[in-house]
Amino acid sequence: MPDNKRENDTMNRRPMGPPGRGRGRVGKIDFKTLKQEKGTVKRLLMYIWKPYKLRLMIVFLCIIFSAYASAAGSRFLKTLIDDYVLPLLGSPNPVFGPMIKAIGTMALIYYLGVCSGFLSQRLMIAVSQGTMKRVRDDMFSKMQTFSIRYFDTTPYGDIMSRYSNDTDTLRQMIGQSLVQFVSSTVSLITVFCMMLSLSPLMTAVVIIMSAVMIFCTGKVGGISSRFFIKQQKDLANVNANIEEIMEGQKVVKVFNHEKEAIDDFSALNDELYGSASMAHTLGSILMPINMNLGNLTYLVVGIVGSLLAIGGVGNIALGTIVSFLTLTRQFSMPVTMFSQQMNSVIMALAGARRIFELIDEPEEKDEGTVHLVNVEEKDGRLVKSDHRSRVWAWAVPDDQAEGGVRYVELKGDVRMNDVTFAYVEGKTVLKDINLFAKPGQKVAFVGHTGAGKTTITNMLNRFYDVQEGTILYDGINVMDICKKDLRHALGIVLQDTNLFTGTVMDNIRYGRLDATDEECVEAAKLANADGFIRQLPQGYQTEISGTGDSLSQGQRQLLNISRCAVADPPVMILDEATSSIDTRTERQIQAGMDALMEDRTVFVIAHRLSTIQDAKVIMVMENGRIIERGDHDDLIAAKGMYYRLYTGAFELD
């Protein structure tokens, strides 16, 4: 976290916008939005289609056959009544064979239709779950390419909501709504054709009544869609608030802010309750409205059909009326299903938009062409080595050199020339910073919170890029160095301890994945972590969670230091690395730290001034500038800011 942001970390994590009337206002989003979302729809359909073309084609064929089987059954009622039942009633010697054969044929069609429906559902389950896996894989892979700025400015709960809530709405749409839409469309077309073949006049009545249903669906659905979209945003805000409070639960307890935390959460939860209630209330009344309109359509069609039959218009018989009434039910059902699934589709599109926003976030730019490689010396010159030689060099493209590459040995010479930087335009954090650290030198930064100490280290490893000036690493502009290789050549121990779920050995090896168990143990000994590790239940194989609750704050920091030690970088950054360790433990590990820093270029952000007295040079920072520099004795003799800090009865934050 940047220096000037650290104390405002909680505010950065808070849900965007305060609770209140302004945030509760619903944007004007109706079915016109669906037209505006055609890009999202097209992209989502292609996302589903590309990996599952064959399965989706089989599903489509199954849906067509299933819809045909259902409509054919209703159409068969006319044939059954008019061609078999009524003639048999008036026959002195009825023959049931043809009717039984026809019924058997229809039963087979029904059976195949059921099998088709079952097969389409099974295939769509695989498609929906496979798509969700691909979506989450793509989101996580893309997230690893983001810059630190993205995570500094985006609430973690909002990111998690995209992985959980938004992907879940997408799963429901793909597994249910999408199939229902295709099935309803095919059913409408099939049933309409069969109705038209039976009676164009009664078909016109059905179309008029269906137009009324569609009008009501559009009106109510347009209003509910706004609240469904707002519900997704409110849910993300609630998740962000929960994540923030869980992370800061100890702070809440210490300052007795339980009531304030409850009030803040209640305000956000009330907004979610309001939007969700309105969304689901409006969405739920669509089904009863359309069902009643469907019943009214059924009644009107029955009356019209009876009048036509009595009047002898259109050659309407009893079988035609029965069959048409059954088809009327089947025609109104897809319209009802459309309205029922519309809200799910709108929610899914809102979720898909948020997912694609994450996937479309710009990646961390890296135009570096200089890479870090293992080298060995042959005939007085450096050549690239195919094995781990423990000697590293920068591979710099050079048309004049043999093979187009010259090798610059990695030594750890770091220089900053006229560096200026601002996190937010117009608010400069660093101003004309000039410094150098030769290989093996220890450089310390001191100053009040927000002075820019951590920002300098963020510049060195290119978490943020300089806006003016240059940073040179072994004479090479860091902007020309590939970020992955630059960070490989830097070791950093942060004030915040971050462990990962796994064994103690796994957490140490995180610094260098190809490190052997013996190298990890040596690194732990160097940081004086070996003693407490061996006292754990399974020693180095003890399982710990990502939070490391079973370890003290100091022990977690010792593991962080061990992780840095196993990486064995030529340049180290210690960002208040011992601030979480008590004075006694600090003295115990000081020798180990000295051994770790030996022959390395080290940048130290000091928490306790007593830990940096041996630094080659101490930089005193104030308001983004270096106002004093020199060793401890020189700065004490100057009786400036450092003298006042050192002799004052306090430590730096």
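The values are calculated or read from the model by the stated rules, or taken from the named source; none is laboratory data. Computed from a predicted model, the values in this text were never measured in an experiment. Methodologically, a virtual Cβ is constructed for each residue, glycine included, from the backbone with ideal geometry; neighbour enumeration extends over all protein chains shown.
If I filter region 259-281 for residues that are within 13 Å of G157 (Cβ to Cβ), out of contact with any strand residue (DSSP E or B) (no Cβ under 8 Å at 6 or more places or on another chain), in the same structural domain as R162 (by TED's automatic domain parsing) and not in a helix (DSSP H, G or I), do I get at least one hit?
No, region 259-281 has no match at all.
Considering only residues of region 243-258 that are in contact with a helix residue (DSSP H, G or I) (Cβ under 8 Å, 6 or more places away or on another chain) and outside any helix (DSSP H, G or I), which is surrounded by the most Cβ atoms within 10 Å (Cβ to Cβ)?
G248
Please go through (1) surrounded by fewer than 16 Cβ atoms within 10 Å (Cβ to Cβ); (2) in contact with a Gly (Cβ under 7 Å, 6 or more places away or on another chain); (3) not aromatic (F, W, Y) for E363 and return the number of the only condition it doesn't satisfy.
That leaves (2) as the condition not met.
Spot the failing condition for N374; the list is (1) within 30 Å of F227 (Cβ to Cβ); (2) free of Cβ contacts under 8 Å to residues at least 40 places away in the same chain, and only one is missed.
Of the numbered conditions (1) within 30 Å of F227 (Cβ to Cβ); (2) free of Cβ contacts under 8 Å to residues at least 40 places away in the same chain, the odd one out for N374 is (1).
Residues I289, I316: which one is of a type in the set (A, V, I, L, M, F, W, C), outside any helix (DSSP H, G or I) and in contact (Cβ under 8 Å) with a residue 40 or more places away in the chain? Spell out how you get there, then give the answer.
Working: I289 fails: outside any helix (DSSP H, G or I).
Going through I289, I316 in turn, the sole match is I316.
The rows are residues; the columns are (1) more than 24 Å from G548 (Cα to Cα); (2) of a type outside the set (A, V, I, L, M).
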position: N239; (1), (2): no, yes
position: E244; (1), (2): no, yes
position: V252; (1), (2): no, no
position: H257; (1), (2): yes, yes
position: I262; (1), (2): yes, no
position: A279; (1), (2): yes, no
position: L296; (1), (2): yes, no
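Evaluate the following for Q172: is it among the polar types (S, T, N, Q), farther than 30 Å from K78 by Cα and either touching a Ser or Thr at 6+ places or on another chain (Cβ under 9 Å) or modelled with pLDDT of 90 or more (or both)? Explain how you work it out, then say what you get.
Details: among the polar types (S, T, N, Q): yes; farther than 30 Å from K78 by Cα: yes; either touching a Ser or Thr at 6+ places or on another chain (Cβ under 9 Å) or modelled with pLDDT of 90 or more (or both): yes.
Yes, satisfied.
Taking region 110-129 as the region of interest, how many residues are touching a helix residue (DSSP H, G or I) at 6+ places or on another chain (Cβ under 7 Å) and not aliphatic (A, V, I, L, M)?
Qualifying residue count for the region: 6.
Identify the residue in region 382-400 that is charged (D, E, K, R) and out of contact with any helix residue (DSSP H, G or I) (no Cβ under 7 Å at 6 or more places or on another chain) and, among all such residues, is surrounded by the most Cβ atoms within 10 Å (Cβ to Cβ).
That would be K384.
When Q557 is evaluated against the numbered criteria (1) at pLDDT below 85; (2) crowded, with 17+ Cβ neighbours inside 10 Å; (3) assigned to a loop (DSSP other than H, G, I, E, B); (4) not β-branched (V, I, T), which criterion, by number, is the only one it fails?
(3)
Would you check which residues across region 399-428 are assigned to a loop (DSSP other than H, G, I, E, B), modelled with pLDDT under 90 and farther than 30 Å from S385 by Cα and list them?
Y423, E425, G426, T428
Which residues, taken from region 536-550, are crowded, with 19+ Cβ neighbours inside 10 Å and at pLDDT below 85?
G548, the sole residue that qualifies.
When you scan region 397-404, do you find a residue that is touching a residue at least 24 places away in the same chain (Cβ under 8 Å), under 41 Å from the mean Cα position of the chain (by Cα) and either assigned by TED's automatic domain parsing to the domain that holds I208 or over 30 Å from T516 (Cα atoms) (or both), even just one? Before you say what the answer is, go through the steps one by one.
Within region 397-404, the first condition is being touching a residue at least 24 places away in the same chain (Cβ under 8 Å), and the residues that meet it are 397.
Those left that are additionally under 41 Å from the mean Cα position of the chain (by Cα): 397.
If we keep only those that are either assigned by TED's automatic domain parsing to the domain that holds I208 or over 30 Å from T516 (Cα atoms) (or both) too, we end up with 397.
Yes, region 397-404 contains a residue that is touching a residue at least 24 places away in the same chain (Cβ under 8 Å), under 41 Å from the mean Cα position of the chain (by Cα) and either assigned by TED's automatic domain parsing to the domain that holds I208 or over 30 Å from T516 (Cα atoms) (or both).
How about region 506-535: which of its residues are surrounded by 19 or more Cβ atoms within 10 Å (Cβ to Cβ) and of a type in the set (A, V, I, L, M)?
I508, A515, V521, A523, A524, L526, A527, A529, I533
Being farther than 19 Å from A348 by Cβ and surrounded by fewer than 16 Cβ atoms within 10 Å (Cβ to Cβ) is the filter here, so list the residues in region 153-168 that pass it.
Scanning region 153-168 gives T153, Y156.
Can you tell me which residues in region 139-159 are hydrophobic (A, V, I, L, M, F, W, C) and under 10 Å from the mean Cα position of the chain (by Cα)? Spell out the reasoning first.
Step one: list which residues in region 139-159 are hydrophobic (A, V, I, L, M, F, W, C), which gives 139-140, 143, 146, 148, 151, 159.
Residues satisfying the conditions are M139, F140, M143, I159.
When you check R625 against the structure, is it modelled with pLDDT of 90 or more and either over 17 Å from I533 (Cα atoms) or out of contact with any Gly (no Cβ under 6 Å at 6 or more places or on another chain) (or both), yes or no? Don't jump to the end; show me each part of the working.
Working: modelled with pLDDT of 90 or more: yes; either over 17 Å from I533 (Cα atoms) or out of contact with any Gly (no Cβ under 6 Å at 6 or more places or on another chain) (or both): yes.
Judged against the criteria, R625 is a match.
Where residues in region 277-290 are among the small types (G, A, S) and buried (at least 18 other Cβ atoms within 10 Å of the Cβ), which of them is farthest from F228 (Cα to Cα)? Please lay out each step first, then the result.
Quick first cut of region 277-290, residues among the small types (G, A, S) only: 277, 279, 283-284.
Checking which are buried (at least 18 other Cβ atoms within 10 Å of the Cβ) leaves us with 279, 283.
On the way: A279: 5, G283: 9 Å.
Filtering region 277-290 for residues that are among the small types (G, A, S) and buried (at least 18 other Cβ atoms within 10 Å of the Cβ), the one farthest from F228 (Cα to Cα) comes out as G283.
Filter region 42-99 down to residues that are over 30 Å from I125 (Cα atoms), surrounded by fewer than 17 Cβ atoms within 10 Å (Cβ to Cβ) and of a type in the set (A, V, I, L, M, F, W, C), then give me how many there are. Even if it seems obvious, please write down each step before you answer.
Taking region 42-99 as the starting set, the residues that turn out to be over 30 Å from I125 (Cα atoms) are 75-99.
Pick out the ones that are also surrounded by fewer than 17 Cβ atoms within 10 Å (Cβ to Cβ) and you get 79, 82-83, 85-98.
Next, only the ones that are of a type in the set (A, V, I, L, M, F, W, C) stay: 85-86, 88-89, 95-96.
So the answer is 6.
Conditions tested, residue by residue: (1) buried (at least 18 other Cβ atoms within 10 Å of the Cβ); (2) out of contact with any Ser or Thr (no Cβ under 8 Å at 6 or more places or on another chain); (3) basic (K, R).
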| residue | (1), (2), (3) |
| --- | --- |
| E402 | no, yes, no |
| V405 | no, yes, no |
| F421 | yes, no, no |
| K427 | no, yes, yes |
| K431 | no, no, yes |
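Yes/no matrix, rows are residues, columns are (1) in contact (Cβ under 8 Å) with a residue 40 or more places away in the chain; (2) part of a helix (DSSP H, G or I); (3) more than 31 Å from the chain's Cα centre (by Cα):
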| position | (1), (2), (3) |
| --- | --- |
| N528 | yes, no, yes |
| F532 | no, yes, yes |
| P537 | no, no, yes |
| Y540 | no, yes, yes |
| G548 | yes, no, no |
| S562 | yes, yes, no |
| L574 | yes, no, no |
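Quick one: which of I605, I618 is touching a Phe, Trp or Tyr at 6+ places or on another chain (Cβ under 9 Å), modelled with pLDDT of 90 or more and among the hydrophobic types (A, V, I, L, M, F, W, C)?
I618
Of all helices (runs of 4 or more DSSP H) completely enclosed by region 89-182, which ones contain at least 3 residues that are of a type in the set (F, W, Y)? Walk me through how you get there before you give the answer.
Working: elements: 97-143, 148-153, 156-161, 167-172.
Output list reads 97-143.
Return the only residue of D264, D234 being free of Cβ contacts under 8 Å to residues at least 60 places away in the same chain and under 29 Å from M347 (Cβ atoms). It would help to see each step written out before you state the result.
Values: D264 fails: free of Cβ contacts under 8 Å to residues at least 60 places away in the same chain.
Matching residue, one of D264, D234: D234.
Among the residues of region 91-115, write down those that are free of Cβ contacts under 8 Å to residues at least 24 places away in the same chain and either in contact with a strand residue (DSSP E or B) (Cβ under 6 Å, 6 or more places away or on another chain) or under 15 Å from L80 (Cα atoms) (or both).
The answer is P94, V95, F96, G97, P98, M99, I100, K101, I103, G104, T105, A107.
T203 passes all but one of (1) without any contact (Cβ under 8 Å) to a residue 60 or more places away in the chain; (2) over 28 Å from A69 (Cβ atoms); (3) surrounded by 14 or more Cβ atoms within 10 Å (Cβ to Cβ); which number fails?
Only one criterion in (1) without any contact (Cβ under 8 Å) to a residue 60 or more places away in the chain; (2) over 28 Å from A69 (Cβ atoms); (3) surrounded by 14 or more Cβ atoms within 10 Å (Cβ to Cβ) is unmet by T203, namely (2).
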